[in-house]
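Working notes, structure below.
Coordinate-derived values only; no laboratory data. Everything numeric in this text was worked out from a predicted model, so none of it was measured. Ideal geometry is used to build each Cβ from the backbone, glycine not excepted, and the neighbour counts take in all protein chains shown.
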Ligand code: GLU
């Protein structure tokens, strides 16, 4: 009888230990081997062709495919990935707080951001551009001066407009680009500026077909990197290795065509890891 009690107590202790281990394994502090662990990855939710949360809850876009491939090389199956929305202005803080392990979200590598986060890549080169109504008279950057223009808080696009492209534009900032697209459609703004990769995705959406034009101005070079917490060189190096193999095994090309082909977007060739186009 006494022995049985001890055994029951031991079993209870063991059960607690197992429960504690199970709890620990579901957190975000992931090691290199996936096992039963989850990994949290930051993406955009409202950028068709790059990072989009579909109405059924699934995710699509080139950034989603890059994130899934990289996570695979880090030892995580697609079912072990938890995508988290990281809006333009939230990205540095999300990494600093450890909300996500890494961010693949049209995230340009800049010297300013490198003070706060580290970047793997680049894995893609885009250019700032303008999206206007199909009948708009705006056809160059300086035409924006005195016009209502929409962009997103915390983006390089908003900064570039204010500093160089059109300092006298009446810039309205939103937290996401989809709000800007609605403003452009309603006529509340005359133009929307951000990366051509993002704008091409919106212009190709069925509900906007024929309404907008993308000017093709290449106003800047946007080198997309994968953001990691500052100092996390272990993850950074693994991501760079994953990106190299994504290009060399043909997956990069296949995924770029799949995601940007339908929008008729003329993408640049795959960049070399560590080489930023200024
Ligand atoms: N690539 C630019 C940036 O990182 C604009 C797109 C975005 O806001 O994500 O700021």
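Tabulated data for the structure shown
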item	result
Ranked by how many other beta carbons lie within 10 Å on average, peptides 137-149, 80-92 from highest	80-92, 137-149
Antiparallel bridges, percent of DSSP beta bridges restricted to segment 39-160 (to nearest 5)	35 percent
Nearest-ten-degree value, helix 177-186 long axis tilted from longest Cα axis of the chain	30 degrees
Rounded if a/c under 1.5, otherwise prolate or oblate - segment 95-210, Cα gyration tensor axes	prolate
Rounded, prolate or oblate (a/c below 1.5 giving rounded, otherwise prolate when a/b exceeds b/c) for segment 129-278 by Cα gyration tensor	prolate
Cα Rg, Dmax (largest Cα-Cα span) when computed across the chain, Å	22.0, 91
Burial ranking of peptide ranges 118-124, 196-202, 72-78, 270-276 (average Cβ count within 10 Å, highest at the top)	196-202, 118-124, 72-78, 270-276
Computed FRET value (nearest 0.05) for residue 110 with residue 56, which takes r as the C-beta separation and R₀ as 35 Å	0.50
Cβ-based exposure ranking for 241, 65, 232, in which fewest neighbours within 10 Å come first	241, 232, 65
Degrees separating the helix 251-260 axis from the principal Cα axis of the chain, which is the longest one	50 degrees
Rounded, prolate or oblate (a/c below 1.5 giving rounded, otherwise prolate when a/b exceeds b/c) for segment 167-244 by Cα gyration tensor	prolate
Inter-part distance where segment 87-122 and segment 228-278 are each reduced to a Cα centre, Å	16 Å
FRET E, pair residue 89, residue 247, Förster distance 51 Å, beta-carbon r, rounded to 0.05	0.95
C-alpha long axis of helix 233-248 to longest principal axis of the chain, angle in °	60 degrees
Debye-sum result for segment 225-278 in log10 I(q)/I(0), which assumes one identical scatterer on each alpha carbon, at q = 0.22 Å⁻¹	-0.95
Helix-only [θ]222 nm of the chain, DSSP H runs n ≥ 4, -39500 (n - 2.57) each, per residue, nearest 500	-10500 deg cm²/dmol
Rg and Dmax [Cα atoms of segment 22-161; Å; Rg one decimal, Dmax integer]	17.6, 61
Likely footprinting exposure, 217, 236, fewest C-beta neighbours within 10 Å first	217, 236
